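Asks: Pasting a structure below so you can have a look.
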Amino acid sequence: MLPKRRPRWLPGDRPVMTGEGEPVRADLPAPTRMLTGRSVYRIVWQLNTDVLVGYCWCGQSHEAQEPIALWDWLLAHPDTHPDCGSPAPFAPGPDRAVVVS
Amino acid sequence: MPSWPLNQWYVAAYSDEIEDELFGRTVCGEPLAFFRTSAGEVVALADRCVHRRYPLSRSHLQDDQVVCGYHGFTYDQRGSCVAAPAQKRIPRTARVPVWTVRELDSLVWVWIGDQELADEALIPRAPWLDREGWTTVRGMEPLAARAGLLVDNLLDLSHETYLHGGYIGTPEVAETPITTEVDEDAEVVYVSRHMDDAACPPFYERSTGLQGRITRWQDIEFHPPCLYLLHSRIAPVGVLPPEDGPDDRAFHVEVVYAITPETEHSTHDFWMVARDFALDDQEVSHFLAESNRTVVLQDVEALDVLEVVVEGERENYQELSINIDTGGLAARRLIARQVAAGAPEAAAPVAAR
């Protein structure tokens, strides 16, 4: 058996909750793009805010403060924007590619 | 209509669970009897004798044939009855359904739905589970809750901070924003949480030997409805993958779950932890297996309670979703789409008017 050690962090040591309107801690770099398919929706949690930014696979974006409204916009987007027909902006770039086999 | 998608592959068992004895397990409401033939192939038959419904999984194997333990009806690998007790004539309807089965990556997959549509190319892969250079520990816990609750749980790892503190949770998990991606064609949900300066939870501290702050990446790749991959990368702070060459200054752990509905209110919670370090260290294997099982049981306890809550709630209860649920909502949507696509009426030709 490995020696028992007190964990440095215990469930009682919870992160401090911030008040309304204050952004949660979000000062880390956003992860790079991972999926490289033709029809990829992407939602990025904007740094230092509570804002979500959604990108349709056609490249257009939209912001929202909660995910349901943003998903509604994204899923409706290809239908409501007639010129949004060719998924080009999400072509594989220099970011890490994930093999989905 | 069942709540799970039909015409999909589901993990039914680990390869090493099915040997030369009959093995029973219910998958998506279908009681199945598995066995391995002398040629090494896995066979899945309906777990019910056509005569008096006796479970074939409680019967006997003889020369790659199943002999019912009640009256001796005997079935071959294709489910055809080849012998009936005390008579020469075998009734034409004496046949049990056969399910399509494939073994890949040490997992036994079964196709649930129209067997004519089974396509091996659709099975999502988890190659680390039996690949050279990796060591895997694994287990399976019965969950008295619907599969959707486990999907919600695994797609939002911020719960690690609260439910699994002291094991895999640290404050940074709940504090770090996520990026969510959904491939509509491949039906993959990907949720990234990259913590570049985080506390090292005991799960990784004691298995890797890393001391101090770490770079911790969690990349969820969910292939609904069943296979969940968590690509976990642990390295000292500041150590990023090199532009070229192997990422050999980091530790990699592939946490794999197979979420297989048993009934509408119970789920097989298969869990696996594969690592690319300390490959022969039994102490590390034991520690990771025990720790992960503990974590899984913490989830099981919470989700079993949730199932009771959900079953007892009024219709159309309005839950609340926030940013951390972005990936879970995507998974729910894809599964709902798969359910609709797999519904019998979706596959039936439309009658001409």
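Asks: So if R0 is 22 Å, what FRET efficiency would B:Glu120 and B:Glu41 give, r being the distance between their Cβ atoms, rounded to the nearest 0.05?
Replies: 0.95
Asks: Additional query: Roughly how many nanometres apart are two label points built 7 Å out from the Cα toward the Cβ at B:Val305 and B:Leu279?
Replies: Each label point lies 7 Å from its Cα, and together they span 4.2 nm.
Asks: Let me ask you something else. Kindly write out, for the range B:13-30 in residue order, the coupling ³J(HN,Hα) from the Karplus curve 6.51 cos²θ - 1.76 cosθ + 1.60 (θ = phi - 60°), rounded to whole Hz, with x marking Gly and Pro.
Replies: Values, residue by residue: 6, 7, 3, 7, 7, 10, 10, 9, 10, 5, 9, x, 7, 8, 10, 6, x, 9 Hz.
Asks: Can you work out ³J(HN,Hα) from phi for every residue in the range B:181-196, in order, using Karplus 6.51 cos²θ - 1.76 cosθ + 1.60 and θ = phi - 60°, giving whole Hz and x for Gly and Pro?
Replies: 10, 10, 8, 5, 7, 7, 6, 10, 10, 10, 10, 10, 9, 10, 9, 8
Asks: Amide H to amide H, which residues 5 or more places from B:Ala12 or on other chains are under 5 Å from it, using H placed in the peptide plane?
Replies: Those lying under 5 Å, H to H, from B:Ala12 are B:Val108, B:Trp109, B:Val110.
Asks: Amide H to amide H, which residues 5 or more places from B:Thr260 or on other chains are under 5 Å from it, using H placed in the peptide plane?
Replies: B:His268, B:Phe270
Asks: Continuing with this model, one more query. For the range B:309-325, take each phi angle, set θ = phi - 60°, evaluate the Karplus expression 6.51 cos²θ - 1.76 cosθ + 1.60, and give the result in whole Hz per residue in order, putting x for glycine and proline.
Replies: 4, 5, 4, x, 7, 5, 5, 6, 4, 9, 8, 10, 10, 10, 3, 5, 8
Asks: Oh, and also: For B:Leu32, list long-range residues whose amide hydrogen, built 1.01 Å from N in the peptide plane, is under 5 Å from its own amide hydrogen.
Replies: It is B:Arg25, B:Thr26, B:Val27, B:Asp47, by chain and number.
Asks: If we count every other residue with Cβ under 9 angstrom of B:Pro55's Cβ, Lys/Arg +1 and Asp/Glu -1, where does the sum land?
Replies: +2
Asks: Hey, what did the range B:1-125 get for relative contact order, percent, Cα under 8 Å, at least 6 apart?
Replies: Computed value for the range B:1-125: 27 percent relative contact order.
Taken together, the values in this text are just the output of simple stated rules run on the coordinates, not laboratory data. Treat the numbers as computed from the prediction; the structure is a model and nothing was measured. Virtual Cβ from ideal backbone geometry, glycine too; neighbours counted across all protein chains shown.
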